[in-house]
Amino acid sequence: MFFPKNTCKITRLTQERDLFGKSKGVEKSWEAKCSVVRLLDGVGKSTVRADSSGSRGFAEEETLVGRLLLLPQADVQNEDIIEVVGRRMRVACVFPRFDVMGKLDHLQVDCVAWASKLTATSTR
């Protein structure tokens, strides 16, 4: 049996895209109970080619990897935005997890860093 103790905010972005393939706005936001399994925040080496950058390939970018467990009623999907413990992440994968009797117990949600000028605080 799964009993989540943390609260997270889930934001679903609209399917409408701009010229660059980014979502144009927020469809809806809601809160859900979750448990944090992993929340790794760090700085990693960028994939910039050394011969094409002025810094000769010493660029760094902030990375964030998270794994959360949510109740099946959370209605989370790929590409949703989840904010937990002050960190904002994009849902990369959602995996259903079952108990030993074969009943859906919880959802494992793997997340990656999300940075956008679009604010995830407005709702419809």
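Quick rundown of the values:
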| quantity | calculated |
| --- | --- |
| Residue selected from the stretch 73-116 under the condition in a strand (DSSP E or B) and basic (Lys, Arg), by the criterion farthest from LYS9 (Cα to Cα) | ARG97 |
| Members of the stretch 74-99 that are farther than 23 Å from SER23 by Cβ, touching a residue at least 40 places away in the same chain (Cβ under 8 Å) and not acidic (Asp, Glu) | VAL85 |
| Condition check for LEU64: at pLDDT 95 or above and surrounded by 11 or more Cβ atoms within 10 Å (Cβ to Cβ) | no |
| Among residues of the stretch 19-38, those that are open to solvent by less than 60 Å² (accessible area, probe 1.4 Å) and either under 17 Å from GLU83 (Cα atoms) or part of a loop (DSSP other than H, G, I, E, B) (or both), counted | 9 |
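The values are calculated or read from the model by the stated rules, or taken from the named source; none is laboratory data. Worth saying up front: this structure is predicted, and the values here are computed from it rather than measured. Note that each Cβ is placed from the backbone with ideal geometry, even for glycine, and that neighbours are counted across all protein chains shown. We work out accessible area using only protein heavy atoms, side chains counted, and drop any ligands, DNA or RNA first. Shrake-Rupley method; radii C 1.70, N 1.55, O 1.52, S 1.80 Å.
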